[in-house]
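Below: the structure, in structure tokens.
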Amino acid sequence: MNKHLLFGAAAAVLALSSCKNSEFEGYEKTEAGLYYKFFNHDENGLKPNIGDGIAFSYMIKKQSNDSLLVDSKTVSRDGTGITKFLMPKSSFVGSVEDALMMMSKGDSAAFIISADSFFLKTQKSPSLPAHIRPGDRLLVIIKVADVKTKKEIEEIQKQEQAKMAEETMKRQAEEKPALDKYLADNKITTKATASGLIYIETKKGTGANPKPTDSVTVHYNGTFLDGRVFDSSIGKQPVTFPLGNVIPGWIEGMQLMKKGGKAKLIIPSNLAYGQGNQGIPPFSTLLFDVELIDIKTSGK
């Protein structure tokens, strides 16, 4: 469940002082109408403001029968049950956002809120779910794992960006020496093309070479210099794609092949994914063993 599912953007202000006239036993009520019961509470702890960072776990139940609607343990991406995001504005008076702004790191509490407003205003659903009736209430149980100020988050982001920049520069400096070592260790003496591609034919094909506007059908195996496979069609169906839609190293290398041919492509990062892409680290030289199975000329 992402922040847009739990929290909307409508503004509201919470009156933090409480009163005792609660219709729910064991709960107190804020002047804004939010019912709450703390299990653990650090009154002097840092509480989040709009724009601050907060990390917390939660359960949402139907208050009338205690039936579980959502448990963050089952919807969190990493399985920890912890949701993290920047504190948004309140979506309505007495909202979950208002509840969070009452809490400090280590606090745990239960809140009773309007189901109508939660689904229609916080979640921005066009209508109430079938199991929710107008006037129903939700029981929201929250445990806050951490609170960080906007300034702290900005500092963390700066440090992370600096670390990433340092790592990127390091990988850029290491790419050519790593490639040179790979070529020496494997006794590869084939000269690179003007672009830097190293094309090694391992089986001759026949017929015409594909053009950038053609589609090609291939089998391939892609590895890093250390032999780790990052992508492969081996053991699967061959792959067909427009040649002009792939990385520059493939566009150039495939045009040197003929149907039925096989080749090894050694592609430096400037002809591949540059500063990285979906599992490909920045400045990675890539190796492809390719078999050109078929060529389909554009327009045919």
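Each value in this text was obtained by applying a stated rule to the coordinates, not by laboratory testing. Just so we're clear, the structure is a prediction, and the values are computed from it rather than from any experiment. Glycine gets a Cβ as well: all are built from the backbone with ideal geometry, and neighbour counts include every protein chain shown.
Quick notes on this structure:
- The trypsin sites (Lys or Arg not before Pro) of the stretch 164-263 meeting both criteria, a DSSP state outside H, G, I, E and B (loop) and at most 13 other C-beta atoms within 10 angstrom of the site's C-beta, are Lys187, Lys191, Lys204, Arg228, Lys236.
- Between the stretch 243-264 and the stretch 20-55, the Cα center-to-center distance that results, in Å: 63 Å
- Other residues within the sphere of radius under 9 Å centred on the Cβ of Tyr199, judged by their own Cβ, net out at -1 (K and R +1, D and E -1).
- Close amide-amide hydrogen proximity is noted between Ser125 and Leu120, each under 5 Å apart and 5 or more residues distant or on a separate chain (H modeled in the peptide plane; Pro and chain starts excluded).
- Residue-by-residue Karplus 3J(HN,Hα) for the stretch 181-191, coefficients 6.51, -1.76, 1.60, Hz, glycine and proline x: 5, 4, 5, 5, 4, 9, 6, 8, 10, 4, 6
- With K and R counted +1 and D and E -1, the other residues having a Cβ less than 11 Å from that of Leu46 yield a net charge of -2.
- Cα centre as origin, Lys/Arg/Asp/Glu Cβ charges: the chain dipole, Debye: 1080 debye
- Relative compactness, the chain, computed as alpha-carbon Rg over 2.2 N^0.38 Å: 1.51
- In summary, the lysines within cross-link reach of Lys262, defined as a Cα separation below 20 angstrom excluding same-chain residues under 8 places away, comprise Lys187, Lys191, Lys203, Lys204, Lys211, Lys236, Lys296.
- The chain, relative contact order in percent, only Cα pairs under 8 angstrom and at least six apart counted: 16 percent
- Two-site FRET efficiency, Phe38 against Ser64, from Cβ-Cβ distance with R₀ of 30 Å, rounded to 0.05: 0.85
- Cβ-based exposure ranking for Val93, Val70, in which fewest neighbours within 10 Å come first: Val70, Val93
- Relative exposure of Asp294, Asp52, Asp78, judged by other C-beta atoms within 10 Å (fewest first): Asp78, Asp294, Asp52
- Residue (of Gln161, Ala130, Leu120) at the positive-pole extreme of the stretch 109-205, dipole from beta-carbon charges: Ala130
- Selection from Ala208, Gly253, Gly196 lying farthest towards where the dipole of the stretch 172-300 points positive, charges on Cβ: Ala208
- By the count of other C-beta atoms within 10 Å, a proxy for reagent exposure, Leu271, Leu46 are ordered fewest to most as Leu46, Leu271.
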